[in-house]
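Structure record follows, encoded as structure tokens.
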Amino acid sequence: MIFDGDCYFCSLWIRRWQHATGDRVDFLPFQDSRIVEQFPELPRGQFESAVQLVETDGSVYGGAEAVFRALAHNRHEQWLVDWYDHSPAFVHASEWGYRKIAGNRRFLSACTRLGWGRHLEPPAHLLVRWVFLRSLGVIYLIAFVSLWAQIIGLVGSNGILPAKSTMGIAQRQVEAQKLGVDRYHLAPTLCWFDSSDGFLKAQCAAGAGLALLVIVGIAPAPCLFLLWLIYLSLSTVSREFLSFQWDLLLLQAGFLAIFLAPLQVWAGVSRAAPPSRLVLWLLRWLLFQLMFESGCVKLVSGDSAWHHLTALNSYYQTQPLPTWIGWYGHQLPAWAQKASAAAMFGIELFAPFLIFTPRRPRQFACWAFVLLQVLIFLTGNYCFLNLLTIALCVLLLDDAALMRFLPGRLHGLASPNPQRSTPKLWRWPSQVTIPLACISLAVSLMRLGGLSRLPIPWPTPLLGMYVWLSPLRTFNSYGLFAAMPTSRREIIIEGSNDGVTWLEYEFKCKPGDVKQRPKFVVLHQPRLDWQMWVAGLGSYQNNPWLVSFCARLLDGSPSVLGLLERDPFPNKPPHHVRAVVYEYHFTDSATRRKTGAWWRREKMGDYMPPLSLHQSGP
């Protein structure tokens, strides 16, 4: 094939066509002096007007037909030339389109430079996948180790919401509905086999072990499937404590990652089968959902604080577990808070659409998302949400972009081996990835439709699929802080032996002592502390787990007390427990310098009346 070697736009596509046709087609720029010697019968003007394909039998084709017949040397691309040979409408449309493109090559070259930069090679994602999967392994390890330290206090036999009680309720539903294997769909958990404390710990231990195998790179696909299964199992029996958005995001990203992983027991970067482009785009679509829906929920909620860009005036002090840097963020002037809110909306509402653009704008979106996540990480404790979002951002890059962050001596190890063919059995077949893509996109569009609050008449089979998938917690919608609280209602748990003198229980991370500096929990999530913040947004009647928590305090449950920083009744449990609510505010700089207090608080009243052991129940 002969093309214009001075056209940057042409060079981009020629590189991609070379990748598709391999050594079956030779590509030469018409500026090459050998062209005149080899094809003296072809006028130069013919080369300048359109690409030309000269077949071995002497046949010459130009324009769109030349492109299609060149690509047909790859048997997977023969459909284009078949359409050209059998559809006059396709011939007319493709040749018209080619003429329009050829007549605007300078403009398209400028756009190509802007969109793709100097990198003209077809993008590869072997290194990108390697980084993403190992990052996901680290996140799974963090999640399981963090949960391991808390799970007995949360859902153990003497925990706040015992798994045995949860499974007992599920068993009664099974018996009432006379379900067989459908029980595993009703409550998808391994605790059908055993709900003891030992088995709960064993699931966490197995998850941590499997995460290490993913980090090392051993059998990533089956390990990722088991990780998803175990995390789903624990999420099902842990109910409120594992229903946060990052738990749902981990389930969805972890499930899709199964089909991105190579089907090899041990595969380095250069030896692995290429990742499925379809699954790669599904994960990018997940990132789009996460960011765009996070911006949309703030607008459609009707909260005037978001509409007037004043939500950040209260965000830093009303978020669940602020850090000490969040205290400084709260001190920023009003104009800076408004500017920050506007920038956040720009990143969450507009930058997501750059995901579907060429590599340079897509990389800009990547770094914008990463910057936002770093700022959120510095000012608030959101478990592994920020790290998981950054891991998804890596998928917006390609191997050439990541290579810039590697030392030169490692470039050879990270480069694919073009001489090594990959067996088909090492790749996920399209019979698996295409249905996965259809289901994922259908459910996500339905959830976006629900977010828009439009009465969309979805087909009944689609609604049935949507309902059937719900227990799996794997296809979700996202968006934190749809309505920004303007004040912080902090629940303080107190105990007493005489009903007159009340002593406070101190939690590990949530605000209590006004002089206690807000902490960095890093990647661990104190799930009880988080759930206390959620309870503060409503009443104790809407949070029955809080009554159970107080009952465990009256019992003196060691596993539940282990979730706290300090027990004011170390020798014997109190006779009464109650919950009172305070309104907390960050102090200003002058007050903190004078008193050393990071918070100030005013008592608002009782949140839950005093309970004694015979009142609270199990």
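The values are calculated or read from the model by the stated rules, or taken from the named source; none is laboratory data. The shown structure was predicted, so the numbers you read here are calculated from the model rather than taken from an experiment. Here the Cβ is made from the backbone with ideal geometry for all residues, glycine too, and neighbour counts use every protein chain on show.
Within the range 67-98, can you find the residues that are at pLDDT 85 or above and either in contact with a strand residue (DSSP E or B) (Cβ under 7 Å, 6 or more places away or on another chain) or among the hydroxyl-bearing types (Ser, Thr, Tyr) (or both)?
Those that are at pLDDT 85 or above and either in contact with a strand residue (DSSP E or B) (Cβ under 7 Å, 6 or more places away or on another chain) or among the hydroxyl-bearing types (Ser, Thr, Tyr) (or both): Arg69, Ala70, Tyr84, Ser87, Ser94.
To keep it simple, each residue is scored yes or no on (1) modelled with pLDDT under 95; (2) closer than 20 Å to Arg427 by Cα.
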position	(1), (2)
Ile230	no, no
Val237	no, no
Leu251	no, no
Leu256	no, yes
Pro262	yes, yes
Pro275	yes, yes
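Quick one: which helices (runs of 4 or more DSSP H) lie wholly within the range 158-249 and hold at least 1 residues that are under 17 Å from Val145 (Cβ atoms)? Can you show your working first?
Details: elements: 163-177, 183-186, 197-216, 220-238.
In the range 158-249, the matching helices (runs of 4 or more DSSP H) lie at 197-216, 220-238.
Count, please, the residues in the range 404-431 that happen to be modelled with pLDDT of 65 or more and either surrounded by 14 or more Cβ atoms within 10 Å (Cβ to Cβ) or in contact with a strand residue (DSSP E or B) (Cβ under 6 Å, 6 or more places away or on another chain) (or both).
Residues meeting the conditions: 3.
Condition check ((1) of a type in the set (D, E, K, R); (2) farther than 23 Å from Arg362 by Cα; (3) more than 17 Å from the chain's Cα centre (by Cα); (4) not in a loop (DSSP other than H, G, I, E, B)) across all residues:
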site: Leu280; (1), (2), (3), (4): no, no, no, yes
site: Leu286; (1), (2), (3), (4): no, no, no, yes
site: Leu290; (1), (2), (3), (4): no, no, no, yes
site: Gly295; (1), (2), (3), (4): no, no, no, yes
site: Lys298; (1), (2), (3), (4): yes, yes, yes, yes
site: Gly302; (1), (2), (3), (4): no, yes, yes, no
site: Trp306; (1), (2), (3), (4): no, yes, yes, yes
site: Thr310; (1), (2), (3), (4): no, yes, yes, no
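Is it the case that the range 595-611 has a residue that's more than 22 Å from Leu154 (Cα to Cα), among the aliphatic types (A, V, I, L, M) and surrounded by fewer than 15 Cβ atoms within 10 Å (Cβ to Cβ)?
Yes, there is a match, as at least one residue in the range 595-611 is more than 22 Å from Leu154 (Cα to Cα), among the aliphatic types (A, V, I, L, M) and surrounded by fewer than 15 Cβ atoms within 10 Å (Cβ to Cβ).
Within the range 84-134, track down each residue that is in a loop (DSSP other than H, G, I, E, B) and of a type in the set (Lys, Arg).
Result: Arg118, single match.
Could you tell me whether any residue of the range 167-184 is among the aromatic types (Phe, Trp, Tyr) and farther than 30 Å from Cys550 by Cα?
Yes: the range 167-184 contains one or more residues that are among the aromatic types (Phe, Trp, Tyr) and farther than 30 Å from Cys550 by Cα.
Each row is one residue, and each column tells you yes or no for (1) of a type in the set (Asp, Glu); (2) surrounded by fewer than 18 Cβ atoms within 10 Å (Cβ to Cβ).
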position	(1), (2)
Asp529	yes, no
Met532	no, no
Asn542	no, yes
Ser548	no, no
Pro558	no, yes
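State whether the residues of the range 113-132 include one that is closer than 28 Å to Arg527 by Cα and in the same structural domain as Leu402 (by TED's automatic domain parsing).
The initial filter retains those residues of the range 113-132 that are closer than 28 Å to Arg527 by Cα, namely 132.
Among the residues that remain, those that are also in the same structural domain as Leu402 (by TED's automatic domain parsing) are: 132.
So far as the range 113-132 goes, yes, one or more of its residues are closer than 28 Å to Arg527 by Cα and in the same structural domain as Leu402 (by TED's automatic domain parsing).
Which residue pairs have Cβ atoms closer than 6 Å, lie 6 or more positions apart in sequence or on different chains, and pair a first residue in the range 82-94 that is closer than 18 Å to Ala72 by Cα and in the same structural domain as Val51 (by TED's automatic domain parsing) with a second residue that is assigned to a helix (DSSP H, G or I) and among the aliphatic types (A, V, I, L, M)?
Tyr84/Val91; Ser94/Ala64
Return the only residue of Ile152, Ile169, Ile160 being over 15 Å from Asp247 (Cβ atoms), of a type in the set (A, V, I, L, M) and modelled with pLDDT under 95.
Details: Ile152 fails: modelled with pLDDT under 95; Ile160 fails: modelled with pLDDT under 95.
Answer to the check: Ile169.
Is it the case, given these coordinates, that Leu463 is of a type outside the set (S, T, N, Q), modelled with pLDDT of 85 or more and under 28 Å from Leu299 (Cβ atoms)?
Working: of a type outside the set (S, T, N, Q): yes; modelled with pLDDT of 85 or more: yes; under 28 Å from Leu299 (Cβ atoms): yes.
Spelling it out, Leu463 is indeed of a type outside the set (S, T, N, Q), modelled with pLDDT of 85 or more and under 28 Å from Leu299 (Cβ atoms).
Are any residues in the range 207-224 under 26 Å from Gly156 (Cβ atoms) and crowded, with 18+ Cβ neighbours inside 10 Å, and if so, which ones?
Gly207, Ala208, Leu210, Ala211
If you check Thr501 against the conditions, is it without any contact (Cβ under 8 Å) to a residue 40 or more places away in the chain and either crowded, with 18+ Cβ neighbours inside 10 Å or not hydrophobic (A, V, I, L, M, F, W, C) (or both)?
yes
Pairs please, first residue from the range 139-162 and farther than 10 Å from Ser559 by Cα, second anywhere and at pLDDT below 95 and acidic (Asp, Glu), Cβ atoms under 8 Å, 6+ apart in sequence or on different chains.
Correct list of pairs: Leu161/Glu240.
Suppose the filter is among the polar types (S, T, N, Q), over 28 Å from Gln525 (Cβ atoms) and more than 21 Å from the chain's Cα centre (by Cα); does Ser340 pass it?
no
Any chance the range 129-136 includes a residue that's crowded, with 19+ Cβ neighbours inside 10 Å, farther than 29 Å from Ala202 by Cα and among the aromatic types (Phe, Trp, Tyr)?
No, the range 129-136 has no match at all.
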